[in-house]
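Below you'll find the structure, written out as C-alpha coordinates, and then a few comments.
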(Lines give C-alpha, C1' and ligand atoms only; values in the text may rest on other atoms or scores of the structure.)
Protein backbone atom coordinates (compact mmCIF):
# COMPACT_ATOMS: atom_id res chain seq x y z
CA UNK A 1 0.00 0.00 0.00
CA UNK A 2 2.51 2.59 1.13
CA UNK A 3 4.91 4.13 -1.33
CA UNK A 4 8.22 5.63 -0.34
CA UNK A 5 7.65 9.30 0.11
CA UNK A 6 7.67 9.85 3.85
CA UNK A 7 11.42 9.55 4.33
CA UNK A 8 12.59 11.86 7.09
CA UNK A 9 9.03 12.48 8.28
CA UNK A 10 7.97 12.02 11.91
CA UNK A 11 4.55 10.44 12.51
CA UNK A 12 2.97 10.33 15.98
CA UNK A 13 0.15 7.85 16.54
CA UNK A 14 -2.01 7.37 19.62
CA UNK A 15 -3.38 3.89 20.16
CA UNK A 16 -0.87 2.59 17.65
CA UNK A 17 -0.13 -0.81 19.17
CA UNK A 18 -3.17 -2.68 17.86
CA UNK A 19 -5.89 -2.68 15.24
CA UNK A 20 -6.25 0.31 12.95
CA UNK A 21 -3.51 2.25 14.73
CA UNK A 22 -1.00 -0.56 14.27
CA UNK A 23 -1.79 -0.77 10.56
CA UNK A 24 -1.34 2.99 10.19
CA UNK A 25 2.02 2.78 11.97
CA UNK A 26 3.18 -0.08 9.75
CA UNK A 27 2.25 1.78 6.57
CA UNK A 28 4.07 4.92 7.65
CA UNK A 29 7.17 2.84 8.38
CA UNK A 30 6.93 1.24 4.94
CA UNK A 31 6.83 4.75 3.52
CA UNK A 32 10.07 5.62 5.28
CA UNK A 33 8.74 7.65 8.21
CA UNK A 34 9.94 7.49 11.80
CA UNK A 35 6.92 6.45 13.88
CA UNK A 36 6.26 7.33 17.53
CA UNK A 37 3.44 5.39 19.20
CA UNK A 38 1.74 5.85 22.54
CA UNK A 39 -0.54 3.10 23.82
CA UNK A 40 -1.66 1.59 27.13
CA UNK A 41 -0.65 -1.88 25.94
CA UNK A 42 2.85 -3.06 26.75
CA UNK A 43 5.32 -3.04 23.87
CA UNK A 44 8.22 -1.33 22.19
CA UNK A 45 6.64 2.14 22.34
CA UNK A 46 5.74 4.80 24.88
CA UNK A 47 3.39 3.09 27.33
CA UNK A 48 0.91 5.45 28.92
CA UNK A 49 -2.72 6.44 29.42
CA UNK A 50 -3.54 9.48 27.31
CA UNK A 51 -6.32 10.53 29.68
CA UNK A 52 -3.50 11.73 31.97
CA UNK A 53 -2.32 15.29 31.27
CA UNK A 54 1.15 14.59 32.70
CA UNK A 55 1.54 11.58 30.40
CA UNK A 56 0.69 13.67 27.34
CA UNK A 57 3.18 16.34 28.34
CA UNK A 58 5.95 13.83 28.97
CA UNK A 59 5.25 12.01 25.70
CA UNK A 60 5.34 15.23 23.68
CA UNK A 61 8.48 16.40 25.46
CA UNK A 62 10.23 13.11 24.65
CA UNK A 63 9.38 13.36 20.96
CA UNK A 64 10.38 17.01 20.60
CA UNK A 65 13.54 16.34 22.59
CA UNK A 66 14.47 13.53 20.19
CA UNK A 67 13.38 14.96 16.84
CA UNK A 68 12.84 18.69 17.37
CA UNK A 69 9.89 18.70 14.93
CA UNK A 70 7.03 16.47 13.82
CA UNK A 71 5.07 16.11 10.60
CA UNK A 72 1.96 14.06 11.34
CA UNK A 73 -0.23 13.53 14.40
CA UNK A 74 -2.75 10.71 14.16
CA UNK A 75 -5.26 10.80 17.04
CA UNK A 76 -6.50 7.23 16.94
CA UNK A 77 -6.81 5.98 20.54
CA UNK A 78 -10.09 4.23 21.32
CA UNK A 79 -12.52 5.75 23.86
CA UNK A 80 -14.53 3.67 26.31
CA UNK A 81 -17.92 2.48 25.01
CA UNK A 82 -20.66 2.34 27.64
CA UNK A 83 -24.30 3.37 27.56
CA UNK A 84 -26.55 5.62 29.58
CA UNK A 85 -27.85 2.77 31.72
CA UNK A 86 -24.45 1.70 33.05
CA UNK A 87 -21.93 4.43 32.25
CA UNK A 88 -20.88 6.34 35.36
CA UNK A 89 -19.98 10.02 35.44
CA UNK A 90 -16.32 9.12 35.80
CA UNK A 91 -16.43 6.65 32.90
CA UNK A 92 -18.09 9.21 30.64
CA UNK A 93 -15.45 11.77 31.58
CA UNK A 94 -12.73 9.21 30.86
CA UNK A 95 -14.16 8.51 27.40
CA UNK A 96 -14.14 12.22 26.58
CA UNK A 97 -10.62 12.59 27.99
CA UNK A 98 -9.31 9.87 25.67
CA UNK A 99 -11.46 10.73 22.67
CA UNK A 100 -11.54 14.54 22.66
CA UNK A 101 -9.36 16.16 25.33
CA UNK A 102 -6.20 14.20 24.56
CA UNK A 103 -6.37 14.88 20.80
CA UNK A 104 -6.91 18.58 21.55
CA UNK A 105 -4.07 18.79 24.05
CA UNK A 106 -1.58 16.83 21.95
CA UNK A 107 -2.42 19.06 19.00
CA UNK A 108 -1.81 22.10 21.21
CA UNK A 109 1.49 20.73 22.54
CA UNK A 110 2.79 19.89 19.05
CA UNK A 111 1.38 22.93 17.21
CA UNK A 112 4.60 25.01 17.42
CA UNK A 113 6.70 22.09 16.20
CA UNK A 114 5.01 21.00 12.97
CA UNK A 115 7.14 21.08 9.85
CA UNK A 116 5.79 22.74 6.73
CA UNK A 117 3.10 20.51 5.25
CA UNK A 118 2.19 19.09 8.66
CA UNK A 119 -1.08 17.25 9.17
CA UNK A 120 -3.35 16.19 11.99
CA UNK A 121 -5.68 13.26 11.31
CA UNK A 122 -8.40 12.53 13.87
CA UNK A 123 -10.02 9.11 13.79
CA UNK A 124 -13.72 9.57 14.45
CA UNK A 125 -16.37 6.94 13.60
CA UNK A 126 -19.52 6.57 11.53
CA UNK A 127 -21.14 6.62 14.99
CA UNK A 128 -20.64 10.37 14.86
CA UNK A 129 -23.84 10.33 12.77
CA UNK A 130 -25.65 7.11 13.79
CA UNK A 131 -25.95 4.99 16.93
CA UNK A 132 -26.73 1.69 18.55
CA UNK A 133 -28.41 1.67 21.96
CA UNK A 134 -26.16 2.04 25.01
CA UNK A 135 -23.14 3.58 23.29
CA UNK A 136 -23.30 7.15 24.58
CA UNK A 137 -19.75 7.54 25.88
CA UNK A 138 -18.13 6.37 22.64
CA UNK A 139 -20.57 8.19 20.36
CA UNK A 140 -20.17 11.48 22.25
CA UNK A 141 -16.39 11.22 22.02
CA UNK A 142 -16.48 10.47 18.30
CA UNK A 143 -18.93 13.27 17.61
CA UNK A 144 -16.72 15.60 19.62
CA UNK A 145 -13.55 14.80 17.70
CA UNK A 146 -15.34 15.25 14.38
CA UNK A 147 -16.38 18.77 15.42
CA UNK A 148 -12.96 19.46 16.92
CA UNK A 149 -11.49 18.72 13.49
CA UNK A 150 -13.05 21.63 11.63
CA UNK A 151 -12.45 23.98 14.57
CA UNK A 152 -8.72 23.18 14.61
CA UNK A 153 -8.52 23.33 10.81
CA UNK A 154 -9.64 26.95 10.99
CA UNK A 155 -7.44 27.86 13.97
CA UNK A 156 -4.36 26.24 12.43
CA UNK A 157 -5.01 27.42 8.88
CA UNK A 158 -1.86 28.10 6.94
CA UNK A 159 0.17 26.03 9.39
CA UNK A 160 -1.30 22.52 9.68
CA UNK A 161 -4.02 20.76 7.72
CA UNK A 162 -6.55 18.98 9.96
CA UNK A 163 -8.95 16.27 8.78
CA UNK A 164 -10.88 13.41 10.31
CA UNK A 165 -11.83 9.95 9.14
CA UNK A 166 -14.99 8.16 10.24
CA UNK A 167 -14.54 4.39 9.85
CA UNK A 168 -17.56 2.15 9.64
CA UNK A 169 -17.36 -1.52 10.52
CA UNK A 170 -13.66 -2.38 10.45
CA UNK A 171 -12.70 -5.94 11.36
CA UNK A 172 -9.32 -6.03 13.10
CA UNK A 173 -9.23 -9.81 13.67
CA UNK A 174 -8.53 -10.93 10.10
CA UNK A 175 -11.77 -12.94 10.07
CA UNK A 176 -13.68 -13.66 6.87
CA UNK A 177 -17.10 -12.15 7.49
CA UNK A 178 -19.78 -13.19 5.02
CA UNK A 179 -23.54 -13.16 4.67
CA UNK A 180 -25.79 -10.38 5.92
CA UNK A 181 -23.01 -8.80 7.97
CA UNK A 182 -21.03 -8.29 4.79
CA UNK A 183 -23.89 -7.28 2.51
CA UNK A 184 -25.25 -4.55 4.74
CA UNK A 185 -22.29 -2.62 3.27
CA UNK A 186 -23.12 -1.77 -0.36
CA UNK A 187 -19.56 -2.73 -1.35
CA UNK A 188 -20.36 -6.26 -0.13
CA UNK A 189 -17.73 -6.67 2.59
CA UNK A 190 -16.67 -5.50 6.02
CA UNK A 191 -13.81 -3.02 6.18
CA UNK A 192 -10.17 -3.76 6.94
CA UNK A 193 -7.62 -1.62 8.82
CA UNK A 194 -5.81 -0.99 5.53
CA UNK A 195 -8.91 0.81 4.22
CA UNK A 196 -8.36 3.44 6.89
CA UNK A 197 -4.56 3.47 6.75
CA UNK A 198 -4.68 4.15 3.00
CA UNK A 199 -6.75 7.27 3.57
CA UNK A 200 -4.54 8.46 6.43
CA UNK A 201 -1.46 8.28 4.22
CA UNK A 202 -3.24 9.98 1.35
CA UNK A 203 -4.42 12.85 3.58
CA UNK A 204 -0.86 13.28 4.86
CA UNK A 205 0.58 13.39 1.35
CA UNK A 206 1.07 16.38 -0.93
CA UNK A 207 -1.74 14.99 -3.10
CA UNK A 208 -4.20 16.09 -0.43
CA UNK A 209 -2.77 19.59 -0.08
CA UNK A 210 -6.14 21.26 -0.80
CA UNK A 211 -8.08 19.22 1.78
CA UNK A 212 -8.57 20.48 5.31
CA UNK A 213 -11.43 20.57 7.82
CA UNK A 214 -13.05 17.54 6.23
CA UNK A 215 -14.57 14.44 7.75
CA UNK A 216 -14.34 11.48 5.38
CA UNK A 217 -16.59 8.52 6.12
CA UNK A 218 -15.11 5.17 5.07
CA UNK A 219 -17.83 2.63 5.70
CA UNK A 220 -18.44 0.76 2.45
CA UNK A 221 -21.58 2.84 1.98
CA UNK A 222 -23.26 1.48 5.12
CA UNK A 223 -24.52 4.86 6.33
CA UNK A 224 -26.05 5.53 2.91
CA UNK A 225 -28.16 2.35 2.81
CA UNK A 226 -31.76 2.96 3.83
CA UNK A 227 -33.20 -0.12 5.50
CA UNK A 228 -36.96 -0.69 5.80
CA UNK A 229 -38.60 -3.71 7.40
CA UNK A 230 -39.08 -6.31 4.69
CA UNK A 231 -36.66 -4.84 2.17
CA UNK A 232 -34.12 -7.31 0.80
CA UNK A 233 -35.01 -9.79 3.50
CA UNK A 234 -34.23 -7.41 6.39
CA UNK A 235 -36.62 -8.00 9.26
CA UNK A 236 -36.96 -6.74 12.81
CA UNK A 237 -37.83 -9.26 15.48
CA UNK A 238 -39.68 -7.80 18.44
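The values are calculated or read from the model by the stated rules, or taken from the named source; none is laboratory data. For clarity, every value in this text was computed on a predicted model and none was experimentally measured. Backbone-built Cβ (ideal geometry, glycine too); neighbour counts: all protein chains shown.
The set of residues from the stretch 45-90 being exposed (fewer than 13 other Cβ atoms within 10 Å of the Cβ) and over 21 Å from residue 12 (Cβ atoms) comprises 84, 85, 86, 88, 89, 90.
Every test in (1) outside any loop (DSSP other than H, G, I, E, B); (2) closer than 22 Å to residue 104 by Cβ; (3) touching a helix residue (DSSP H, G or I) at 6+ places or on another chain (Cβ under 8 Å) is passed by residue 153 save one, and that test is (3).
Under the condition of being in a helix (DSSP H, G or I) and surrounded by 11 or more Cβ atoms within 10 Å (Cβ to Cβ), which residue from the stretch 173-186 is modelled with the highest pLDDT?
Here the answer is 182.
The set of residues in the stretch 30-87 that are without any contact (Cβ under 8 Å) to a residue 24 or more places away in the chain and part of a strand (DSSP E or B) comprises 46, 47.
Considering only the stretch 143-154, I want to know if a residue exists there that is more than 16 Å from residue 213 (Cα to Cα) and crowded, with 21+ Cβ neighbours inside 10 Å. No; the residues of the stretch 143-154 include none that is more than 16 Å from residue 213 (Cα to Cα) and crowded, with 21+ Cβ neighbours inside 10 Å.
Restricted to the stretch 214-238, and to residues there that are on the phi > 0 side of the Ramachandran plot and surrounded by fewer than 16 Cβ atoms within 10 Å (Cβ to Cβ), the residue that is nearest to the chain's Cα centre (by Cα) is 221.
Among the numbered criteria (1) more than 23 Å from residue 161 (Cα to Cα); (2) in contact with a helix residue (DSSP H, G or I) (Cβ under 6 Å, 6 or more places away or on another chain); (3) not in a loop (DSSP other than H, G, I, E, B), which one does residue 189 miss? The single condition residue 189 does not satisfy is (3). Across the stretch 214-238, the number of residues qualifying as touching a helix residue (DSSP H, G or I) at 6+ places or on another chain (Cβ under 7 Å) and either assigned to a loop (DSSP other than H, G, I, E, B) or over 22 Å from residue 127 (Cα atoms) (or both) comes to 1.
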